[in-house]
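The values are calculated or read from the model by the stated rules, or taken from the named source; none is laboratory data. Worth saying up front: this structure is predicted, and the values here are computed from it rather than measured. Please note: Cβ atoms are built from the backbone with ideal geometry, for glycine as well, and neighbour counts cover all protein chains shown. All accessible areas refer to the heavy atoms of the entire protein, side chains included, with ligands and DNA or RNA removed. Shrake-Rupley method; radii C 1.70, N 1.55, O 1.52, S 1.80 Å.
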Amino acid sequence: MDSSLGLLGREAEARQLATLLSGARNGRGGSLFLLGAPGIGKTTLLGSVAHAGMRQLRVTGYEAESTSPFAALYRLMLPLQSHVVSLSDRHQSALRVAAGVDPGPPPDRFLVGMGVLALVAAAGETTPLVCSVDDAHHLDPESMEALAFVARRLEAESVALVFAGRDEPHLIERIVGIPVLHLQGLGPAAAIRLLQSALPEPMDPAAAAQIAMSTGGNPLALVDLATELDVRRLTHSSLADEPIPVGRHLETFYLRRVRQLAPELQLWLLLASADSTGSFDLIRSAAATLEVPDAAGEDAELAGLVALSATVDFRHPLVRSAVYNAASGTDRRRVHRALSLAAGGHGLVELEAWHASKATLGSDPKVAERLEKVADLAGRRGGLLSRANVLAQASALTPAGDVKAARLVSAGEAASAAGAVQVSKALLDDLDPSTVPPAVRGRLISLQAMHAVFTGDPVLVRGTARMLEAASCFDGIDADAEQAALIRAFEYCLPAERLVDGVELAVLGKRLSEGAALRLGVNSTVLTALGALIELPYDEAVPLMRRAVDAINALPQAQAMTYVVVGVALTTALWDADGRREVLERAAQGARDAGALQVLDTTLWTMSLAELKGGTPKAAGEGAEQVRELRRAIGYDAEQVVNPAYLAWNGAPRPLVWAVCEAALAMGFGGVHSAGVAALAVRDLAEGHYRDAYTTLQPLIDEPFLHVTPLDLADFVEAAVRAGHPAEAMPHVRRLEEMARANESRWTRAIAERSRALVDDDPEPLYLRAIATLEPTDIEVERGRSHLLYGEWLRRTKRRRDARDQLRMAVDLFERSQAPIFVQRAQNELTATGLTSEAASEPQPLGLTSQELTVARLAESGSTNAEIGATLFISTNTVDYHLRKVFQKLGISSRRQLRERFRAGG
């Protein structure tokens, strides 16, 4: 189609593209996805992408590359290889392994995406860059995910990324977060202009309007009709009841043209449509196998159906689909067999296996084995989704039996590892665990339990019981897998907490302890500690838990991050806030280095939850914001990052907090529910509603859960004493003192001293010891609460001047840690001492966007631009852009001034 005709009626869309490119040329990069039906003009509009002074890269997606991870990405980025040396070592390695150039550990797809972002940013610094991706719905899944990641993070680079693709569900899922331009049919006036412009002679306006309306303004249908039919036949069509060719009807229209060609030419076209890589040499080799003359390709070009060069390009994808869909199954298998032979002759192993599978009718063990090898190749390059797809094909070609089931489970594992949990679930839904061998059954049960946890299925409450069942399947077969399943069984009891169904905690503890003896190593040490946490008296469990934490910390970051959940549980049980932070920070750094963003998501979310006990609401909020930023980067719903405990601490309406808690409970997330309820009780304490706090906490204390409940004991002691139930507080005070003696934690010791002060006749020494004990720590909220309780006691004993000192320190700590519910209580106490309200400071708003605030906080903490970029998955250009805006808004010019401003009012 002539581009001048194709852009008729697309002036607004063309202007939007021009704006995007103009921004990229001026260092304000961005992306756009052109989405629409076949023939709607996506390719023509994409072809108009051009801008003076910009370098252009183009790539088209091919269906046959679906088994070749990062294939399209490699083709697109190949012209930029001279810039690869400017990247960090880990980004260089990820790109080379993904491309199959170098051997090495399979890179996470998001690490590849970060490498591509750095690569295009570096290239854009030399010459502004525009990357065009056509037929995106045919891209291999790894290329699509990596490019979508880049598209979401472009902001301050001289780079534009423009996609065109069909409105298909699998594509829509992958482009979340990318600006989309939905292309509809042309309006009546533009459609008539296009039709009249393409006709050799004028047409009656009324008939032209009817044709335009009947085609829905589809540009391809209008131009092809004008090319194929004369004005008389078009006018007749406008008066007839028959539908005008568009969509599937347009395929039929093209097919009529094909059927008029010679048989050998039709066979050549079927070969080209089945190949879909566009390789002229490959199609010529396959044609020779079928004894199709070389001239057939040129004849197809003369017929106006393809264009030939080093590649074969169909006039439109509908021509290809018309040819392929109309062919018989026998003819399709015949051409796929020829293409498989040709691909083998060209050394294209993956393509050979793909075509062989398409040429197979029924099962074929040999072809299935070849596909499994292709899947292994994909996995070694980090192509987990491609591996899953190929293994599913291999399973379909495998005769019924154990091997077929094992391949299908392997496909499910690969899909789950790639984050495609729903795909994994769909693959395995019809597989009955009772019909497969024990080891495969254990893997299948493990996957099903994981599906429940990650999809929020209420059956997650049975996750622990299912993982114990999986562990039993590995008994006597695979000790490593059995120990891993047992650790996962413990991990799955944490989100459910008191809702755990199908197994008693005592049974779980016994099974964990037994599993520790299977094989020595880190897993054994961890299982011993977890079993001790459940089964043994606290003082006996402490040394075993410490040993497990030390073993985890001794691992390289890449291995340690797989133990982050149990590491947090054990350090929390030890009341070791610094140790817990170390476990989380090492896991987060390891995940960032590996590009394992799903692991990072879990780690940051856990960090946000943990900071509310032994940390600060400020750190919890920063963790939650990093989770949101991460989810924006990977195309997840950032608005679903809702922590009811954090909401409660920040004064959100109680009905809202309760609603979130109850929703979590209904989904089986008992841990989120209990954390939110406990936070509401803390809020009651802050607001002086002691009876409400006592009533709210009582059920949690009466039904304790492992390492979680001890963290609520001090709150219950305060609530019980202030609500008039001191006798009920005493056992818990003694429990805290026993734990403090066993674990020697400053945190526990200070909490125990403070709790004892609430029930003691001479509390002052206890308050002073509690404050002194926490002084060297970062546990600021608990320090503030100790100053607050001491200050309140001093005021009630008429020592107002001393009380003011303590209450001022409390206000300062609460403001620094962003605990507004306690700020108000401390300020009220200060006012009661006679201090005027102006002495209590209010934090000054900074007027920054959420991303600017996150960048500013990281810069204020000492992170370099490169470190900030790695944390937020943005380029250093974007970091610099945000920092310049921060400095401008705050009226400062240095990081030193930024630190001073944050300490003064941030």
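For LEU181, are the conditions met, namely being more than 19 Å from MET77 (Cα to Cα) and either surrounded by fewer than 20 Cβ atoms within 10 Å (Cβ to Cβ) or touching a Leu at 6+ places or on another chain (Cβ under 8 Å) (or both)?
Yes: the conditions hold for LEU181.
Working only within the stretch 724-766, note down all residues that are in contact with a helix residue (DSSP H, G or I) (Cβ under 6 Å, 6 or more places away or on another chain), small (Gly, Ala, Ser) and open to solvent by less than 20 Å² (accessible area, probe 1.4 Å).
ALA729, ALA740, ALA750, ALA752, SER755, ALA757
Out of curiosity, is THR360 open to solvent by 40 Å² or more (accessible area, probe 1.4 Å) and either in contact with a strand residue (DSSP E or B) (Cβ under 9 Å, 6 or more places away or on another chain) or among the hydroxyl-bearing types (Ser, Thr, Tyr) (or both)?
no
Would you confirm, using the coordinates I've provided, whether ASP376 is in a loop (DSSP other than H, G, I, E, B), open to solvent by 30 Å² or more (accessible area, probe 1.4 Å), without any contact (Cβ under 8 Å) to a residue 12 or more places away in the chain and not β-branched (Val, Ile, Thr)?
For ASP376, the condition - in a loop (DSSP other than H, G, I, E, B), open to solvent by 30 Å² or more (accessible area, probe 1.4 Å), without any contact (Cβ under 8 Å) to a residue 12 or more places away in the chain and not β-branched (Val, Ile, Thr) - is not met.
Among the residues of the stretch 520-533, which ones are free of Cβ contacts under 8 Å to residues at least 60 places away in the same chain and either closer than 21 Å to ALA742 by Cβ or in contact with a helix residue (DSSP H, G or I) (Cβ under 6 Å, 6 or more places away or on another chain) (or both)? Explain how you work it out, then say what you get.
Narrowing the stretch 520-533 to residues free of Cβ contacts under 8 Å to residues at least 60 places away in the same chain: 520-532.
Selection gives VAL522, ASN523, SER524, THR525, VAL526, LEU527, THR528, ALA529, LEU530, GLY531, ALA532.
Would you please list the contacts, defined by Cβ atoms under 8 Å and residues six or more apart or on different chains, that run from a residue in the stretch 179-205 that is closer than 24 Å to THR19 by Cβ to a residue that is of a type in the set (Phe, Trp, Tyr)?
PRO179/PHE33; VAL180/PHE33; LEU181/PHE33
For ASP778, indicate whether it is without any contact (Cβ under 8 Å) to a residue 24 or more places away in the chain, charged (D, E, K, R) and outside any helix (DSSP H, G or I). Before you say what the answer is, go through the steps one by one.
Numbers: without any contact (Cβ under 8 Å) to a residue 24 or more places away in the chain: no; charged (D, E, K, R): yes; outside any helix (DSSP H, G or I): yes.
The answer is no for ASP778.
Give the residue, chosen from ALA484, ALA548, ALA496, that is modelled with pLDDT under 95 and of a type outside the set (Lys, Arg).
Answer to the check: ALA496.
Helices (runs of 4 or more DSSP H) wholly in the stretch 518-574 with at least 3 residues that are over 24 Å from ALA481 (Cβ atoms) - which ones?
Result: 538-553, 564-573.
Of all residues being in a loop (DSSP other than H, G, I, E, B) and of a type in the set (D, E, K, R) in the stretch 430-461, which is surrounded by the fewest Cβ atoms within 10 Å (Cβ to Cβ)? Just the residue, please.
If we take residues in the stretch 430-461 being in a loop (DSSP other than H, G, I, E, B) and of a type in the set (D, E, K, R), then ASP430 is surrounded by the fewest Cβ atoms within 10 Å (Cβ to Cβ).
Given the condition touching a residue at least 24 places away in the same chain (Cβ under 8 Å), within 13 Å of the chain's Cα centre (by Cα), open to solvent by 10 Å² or more (accessible area, probe 1.4 Å) and within 30 Å of ALA98 (Cβ to Cβ), answer yes or no: does some residue in the stretch 616-626 qualify?
Yes: the stretch 616-626 contains one or more residues that are touching a residue at least 24 places away in the same chain (Cβ under 8 Å), within 13 Å of the chain's Cα centre (by Cα), open to solvent by 10 Å² or more (accessible area, probe 1.4 Å) and within 30 Å of ALA98 (Cβ to Cβ).
Yes or no: the stretch 819-830 includes at least one residue that is at pLDDT below 85, under 34 Å from the mean Cα position of the chain (by Cα) and not in a helix (DSSP H, G or I).
Our first condition is that a residue be at pLDDT below 85; within the stretch 819-830, this holds for none.
No, because not a single residue in the stretch 819-830 is at pLDDT below 85, under 34 Å from the mean Cα position of the chain (by Cα) and not in a helix (DSSP H, G or I).
Return the total of residues in the stretch 172-198 being small (Gly, Ala, Ser) and within 25 Å of the chain's Cα centre (by Cα).
Of the residues in that region, 1 qualify.
Inside the stretch 652-692, can you point out the residues that are over 25 Å from VAL461 (Cα atoms), open to solvent by less than 40 Å² (accessible area, probe 1.4 Å), in contact (Cβ under 8 Å) with a residue 24 or more places away in the chain and not in a helix (DSSP H, G or I)?
GLY688
Please go through the stretch 431-475 and pick out each residue that is touching a residue at least 40 places away in the same chain (Cβ under 8 Å) and over 21 Å from VAL507 (Cβ atoms).
Selection gives ALA439, GLY456, ASP457, PRO458.
For the list (1) among the β-branched types (Val, Ile, Thr); (2) over 28 Å from the mean Cα position of the chain (by Cα); (3) crowded, with 19+ Cβ neighbours inside 10 Å; (4) assigned to a helix (DSSP H, G or I), I need the number of the one condition that VAL423 fails.
(2)
Against the definition (of a type in the set (D, E, K, R) and outside any helix (DSSP H, G or I)), how does ASP761 come out, yes or no? Full working, then the answer.
On the way: of a type in the set (D, E, K, R): yes; outside any helix (DSSP H, G or I): yes.
When the stated conditions are applied, ASP761 passes them.
Residues in the stretch 834-851: is at least one part of a helix (DSSP H, G or I) and at pLDDT 85 or above? Write out each step before concluding.
Of the stretch 834-851, the ones part of a helix (DSSP H, G or I) are 837-839, 850-851.
Narrowing the set further to residues that are at pLDDT 85 or above leaves none.
Scanning the stretch 834-851 turns up no residue that is part of a helix (DSSP H, G or I) and at pLDDT 85 or above.
Pick out the one residue from LEU341, LEU348 that is open to solvent by 40 Å² or more (accessible area, probe 1.4 Å), more than 26 Å from ALA594 (Cβ to Cβ) and in contact with a Ser or Thr (Cβ under 8 Å, 6 or more places away or on another chain).
It is LEU341.
Scanning for something under 18 Å from LYS358 (Cα atoms), open to solvent by 10 Å² or more (accessible area, probe 1.4 Å) and either touching a Phe, Trp or Tyr at 6+ places or on another chain (Cβ under 7 Å) or part of a loop (DSSP other than H, G, I, E, B) (or both), does the stretch 388-395 turn up at least one residue?
To start, the set of residues in the stretch 388-395 that are under 18 Å from LYS358 (Cα atoms) comprises 388-395.
Now drop any that are not open to solvent by 10 Å² or more (accessible area, probe 1.4 Å), which leaves 389, 392-393.
This time we only want the ones that are either touching a Phe, Trp or Tyr at 6+ places or on another chain (Cβ under 7 Å) or part of a loop (DSSP other than H, G, I, E, B) (or both), so: none.
No.
Just give me the residues in the stretch 142-175 being buried (at least 19 other Cβ atoms within 10 Å of the Cβ) and either more than 22 Å from LEU17 (Cβ to Cβ) or among the polar types (S, T, N, Q) (or both), in sequence order.
Passing the criteria: GLU142, SER143, GLU145, ALA146, SER158.
Matching residues to (1) surrounded by fewer than 21 Cβ atoms within 10 Å (Cβ to Cβ); (2) in contact (Cβ under 8 Å) with a residue 12 or more places away in the chain; (3) aromatic (Phe, Trp, Tyr):
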{"site": "ALA496", "(1), (2), (3)": "no, yes, no"}
{"site": "ASP501", "(1), (2), (3)": "yes, yes, no"}
{"site": "LYS510", "(1), (2), (3)": "yes, yes, no"}
{"site": "LEU518", "(1), (2), (3)": "yes, yes, no"}
{"site": "GLU535", "(1), (2), (3)": "yes, yes, no"}
{"site": "TYR538", "(1), (2), (3)": "yes, yes, yes"}
{"site": "MET545", "(1), (2), (3)": "no, yes, no"}
{"site": "ALA551", "(1), (2), (3)": "yes, yes, no"}
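Within the stretch 348-370, can one find any residue that is free of Cβ contacts under 8 Å to residues at least 40 places away in the same chain, part of a helix (DSSP H, G or I), closer than 18 Å to ALA396 by Cα and among the small types (Gly, Ala, Ser)?
yes
Which residues, counting only those in the stretch 307-326, are surrounded by 18 or more Cβ atoms within 10 Å (Cβ to Cβ), under 15 Å from ARG256 (Cα atoms) and among the aliphatic types (A, V, I, L, M)?
LEU318, VAL319, ALA322, VAL323
Consider the stretch 91-109. How many of its residues are open to solvent by 10 Å² or more (accessible area, probe 1.4 Å), of a type outside the set (Val, Ile, Thr) and either assigned to a helix (DSSP H, G or I) or farther than 14 Å from ALA558 by Cβ (or both)?
Number of matching residues: 10.
Among the residues of the stretch 253-289, which ones are among the hydroxyl-bearing types (Ser, Thr, Tyr), at pLDDT 85 or above and in a helix (DSSP H, G or I)?
Those that are among the hydroxyl-bearing types (Ser, Thr, Tyr), at pLDDT 85 or above and in a helix (DSSP H, G or I): SER273, SER285, THR289.
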